[in-house]
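Everything on this sheet refers to the single structure shown next.
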Amino acid sequence: MLTVRFEELPITERTLFLDAGAGFGRHAFEAARRGARVVALDYGDAEVTSTRATFAAMAFAGEIDESRFVGCIRGDATRLPFADGAFDVVVTSEVLEHIHDDDAALRELSRVLAPGGTFAATVPSWFPERINWMLSDEYHAPFVEGGHVRIYTARQLQRKISRHGLRPRGTHRAHGLHSPYWWLRCAVGPQRDDHRLVNRYKRLLERDIIEAPRSTRLADRLLSPLIGKSYVVYAQKPGSTTDTQARSVASSSTSSISPSTASTPVTVTQ
């Protein structure tokens, strides 16, 4: 399930792509499938281990060329271990709302983006998120360790992005079917996994993700502009794009990602 529209990202085989806060790798995997050279970064050990292993499996199965995987590392978005202007495309999806110092993270994400590069950020949309917070204190921080610490309005997010040297050029909302699911979960208690209606709705979402039936796809397209769970901003860094080969990401060589070495840490130094 992708939140970012990849047709908005200029990806070629020479594109160096950073997924900052990659989670379990959904956007990183798609970038690799489309031919980008990918670095995935996340703060969580489990997420890094899982993403690295999935990249290994994809390469072993021939789904991607192993040269598309540069590295998967554990790191902090407010202190990125990469050179200035290292990446052609930087994506951070459902991350900023978790970070107390989101300005520091945006400053770093802008720093490592090359002049002329493309940036995409997604956060929970204001209206659906506001309802979740009103329905349950168990949905967000401080009850949830590492949970959401703020709710962005569209204007707030765009202003923050602009303040760090990036020019917003497009927006949209995504995942219209997901907002009612979270409203229902918050109403009955976000920690409950035994509620009949919640489980039925979850199965509907799983069917939509796996099978993509026409009915749910149409419903999502109609609902997303109104109550989409995620708000997406695309931005550009002023300047002209330079040859990727003339720049260096902090890891200077492509990592091996065979299944036997998938759990081996990838060292990235500045």
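Quick note: the coordinates plus some simple rules give every number you see, no bench work behind them. All figures in this text were calculated on a predicted structure; none of them were measured in a lab. Here the Cβ is made from the backbone with ideal geometry for all residues, glycine too, and neighbour counts use every protein chain on show.
Observations on the structure shown:
- Candidate lysines for bridging to Lys160, where Cα separation is under 23 Å - those fewer than 8 sequence places away on the same chain excluded: Lys229, Lys237
- Positive contributions from Lys and Arg (+1) and negative ones from Asp and Glu (-1), summed over other residues with Cβ under 12 Å from the Cβ of Tyr201, come out at +4.
- Gain in span if fully extended, Phe60 to Arg74, counting 0.36 nm per residue against the direct Cα distance: 2.7 nm
- Under the span-like rule (Cα at least 18 Å along the axis, Kyte-Doolittle mean at least -0.5), DSSP H helices of the chain: 45-60, 214-227
- Among beta bridges that DSSP assigns inside segment 11-165, antiparallel share in %, nearest 5: 5
- In segment 77-149 the Cα-Cα distances spread across 10 Å bins starting at 0 as 19, 42, 25, 13, 1 percent of all pairs.
- Summed side-chain charge close to Ala40 - residues other than Ala40 whose Cβ falls under 11 Å, Lys, Arg +1, Asp, Glu -1: 0
- Within the chain, DSSP assigns beta bridges of which about 45% are antiparallel (rounded to the nearest 5).
- When Arg150, Arg159 are arranged by Cβ crowding within 10 Å, least crowded first, meaning fewest neighbours, the order is Arg159, Arg150.
- Largest first and in whole Å, the equivalent-ellipsoid semi-axes of segment 106-200 read 32, 14, 12, each the square root of five times a Cα gyration tensor eigenvalue.
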